[in-house]
Amino acid sequence: IERYPSLQGGFIWDWVDQSIWKTSATGERFYAYGGDYGQDMPTDNSFLNNGIVFPDRTAQPALYEVKKAHEFINFKAQGINRHNELRVLIENLYDFTELNRFRFSAQIKADGKILQQIPLPDMDVEPHTGKLTRIPLKDVSFADNTEYFVEVSASLKEDWGILPKGHVVAHEQLALTRKYKATSTCSDHGPVLKLKKDGSTVTLANAQVQIVFNRDKGRLTSYKYKGKEQLKDGKGPKPNFWRAPTDNDLGNRMQLRNIEWKKASLFSEVSGLSIEVLARNLVQIMVEYSLPGVNTTFHSTYTINGNGVIQITNLLKTTDYQADIPRIGMRMQMPRAYDQFSYLGRGPWENYPDRKASAFIDLYEARVKDLYVPYIRPQENGYRTDLRWAALSQANGKGLLIVAKDPKRGFGFSALHMPNEAFDTCADLAYAGKDKVDPAYRMEDAPEVNPSKHTTDIKAQDLVQLNIDLSQRGLGGDDSWYARPQLKYQLKGQEPHTYGFFLIPFDRSSKEQLVQMSKHYAHQE
């Protein structure tokens, strides 16, 4: 009403429903969004552009998840038998269709490569019953430190209505967890590092690398490998517990109910720092950050090698603040030239903890510019989950490899040419107005709240924004106007959270070399 004086006199704006209503003299409410009352009404937010297909008829990532959820054939792993065969239960969920109209096949994959294609026999399975099939594994040579997957699919033998012959109606990825064997690897930490302290900065350098750490900021401000800077404007990793609110987040008022986690992100301070020389080529920097609002601490340990490799291990301690954590992670920026992206994790489309069943673990390649998902109202987007490793590189092949310390657990990741703030309705804490913010945490130079952003407001910038996370909260509740994500998709502050990753600069590495490097460091002693 305050923003649109023309709504006075019986029209009301419902923030929760994000809709306009007409009230009668008796207090009755009539929906006016696009109806007789609403044709001339102004609108912000997404205004019904909230389906799973964009206005230009291209698919939103959620469309693939809907297709997966509506599959009428289930594939369930039932273990590996003594004949070295994977037993798979195929369930028919159709009401009136037998499975003999489908062709079944399987393939065994590892590190993005198909190792074996296996045609399966025809299945004559009646509705609401199941049948076991067996997939032989004896011809696969299983290597250490390698994850193996079986992908099973059902496709049409002939045209069926509007569906053409060969159309895949159901598919599943089954992890061969029993075939995973982890073995330790030894690491050469590289040449000697020279340590220099100068005021608030610590510099570690040799002929190959130069790393500058700012003790006041508690972050890397320069990371040079063979003379090439890996960071943009000194923005090395820093703790981050916030995401740009999604439509559902605004519906359950995350921007108000969980705001102290954004305060912790914006106003964290270094409360302790120590430096320990472990060896002539190995230095450890331990940082403790005090997190206001949630009244707890975040601990980061940087183990810096003489070869330029940095291992970062993080611990978020417990808090009494009850609101769940939007995300647990670190954010950093790289120069825009690092625009070629490859990773081993879930894809190829955007996926989140509660929307990833359709996204299989595989090796994918993309350009950073293609990771952006242009939701009509800008919001959190472009995420990938369960990454074992990710690599950002330039056209000349030089780049940075990020490897999960625990490869089977992985990490959450995004890389975009826009900073996180570009997708938020508010850069500071003033979602309800600056006068509602404690003066100690006001950012007077921050722009005003803008819930009316649209895709036209999003411009690529001269940077690559990285988010390297333990995880995020899920996307959806049981409705989109009040409910939070279900409990199993929430990150609670009443328990500690730990995760870690390696930063590994490289020079002209192939996909095969990146795979081998990732295994070496993930299983380092």
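The values are calculated or read from the model by the stated rules, or taken from the named source; none is laboratory data. Since we're looking at a predicted model, the values are computed, not measured. Every residue, glycine among them, receives a Cβ derived from its backbone with ideal geometry; neighbour counts consider all protein chains shown. Note: areas computed on protein heavy atoms with side chains; ligands, DNA, RNA excluded. Shrake-Rupley method; radii C 1.70, N 1.55, O 1.52, S 1.80 Å.
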Whichever lysines have a C-alpha closer than 17 Å to that of Lys165, once near sequence neighbours (fewer than 8 apart) are set aside | Lys157
Would you grab the residues whose amide H sits under 5 Å from the one on Gln78? Only those 5+ places off in sequence or on another chain, please, with H modelled 1.01 Å from N.
-> Arg87, Val88, Leu89
According to the square roots a ≥ b ≥ c of the eigenvalues of the Cα gyration tensor, what is the shape class of the range 163-241, taking rounded for a/c under 1.5, prolate for a/b larger than b/c otherwise, and oblate for the remainder?
-> prolate
Do any GluC sites (Glu not before Pro) in the range 108-185 lie in a loop, going by DSSP, with at most 14 other beta-carbon atoms within 10 Å of their beta carbon, and if so which?
-> Glu158
Relative contact order as a percentage, the chain, C-alpha pairs under 8 Å and 6+ apart, gives 13 percent
Quick one: pull the percent of accessible area on the chain belonging to carbon and sulfur, 1.4 Å probe, ligands and nucleic acids left out.
-> 49 percent
Accessible heavy-atom area order of Cys186, Cys426, highest first, probe of 1.4 Å = Cys186, Cys426
Could you calculate, for the chain, the ratio of the Cα radius of gyration to the Kirkwood radius, expressed as Rg to Rh?
-> 1.00
The range 270-355: mean projected area of Cα convex hull, nm² | 8.8 nm²
Pairs over 22 Å Cα to Cα, from Lys76/Lys492; Lys76/Lys131; Lys238/Lys434, come to Lys76/Lys492; Lys238/Lys434
For the range 236-300, what class follows from the C-alpha gyration tensor (a ≥ b ≥ c being the square roots of its eigenvalues): rounded when a/c is under 1.5, otherwise prolate if a/b is larger than b/c, else oblate?
-> prolate
With no solvent and one point per C-alpha, what does the Debye sum give as log10 I(q)/I(0) for the range 59-129 at q = 0.12, 0.14, 0.20 Å⁻¹?
-> -0.45, -0.61, -1.07
Roughly how many debye, to the nearest 20, is the charge dipole of the range 241-344 about its Cα centre, given +1 on each Lys and Arg Cβ, -1 on each Asp and Glu Cβ, and no other charges?
-> 140 debye
Could you name the lysines whose alpha carbon sits less than 18 Å from that of Lys519, not counting residues in the same chain fewer than 8 places away?
-> Lys109, Lys113, Lys179, Lys181, Lys405, Lys408, Lys511
Taking Lys138 as the anchor, which aspartates and glutamates have their alpha carbon closer than 14 Å to its alpha carbon, excluding any fewer than eight residues away along the same chain?
-> Glu85
Dividing the mean separation of Cα pairs under 8 Å (6+ apart) by the residue count of the range 150-215 yields a relative contact order in percent of 19 percent
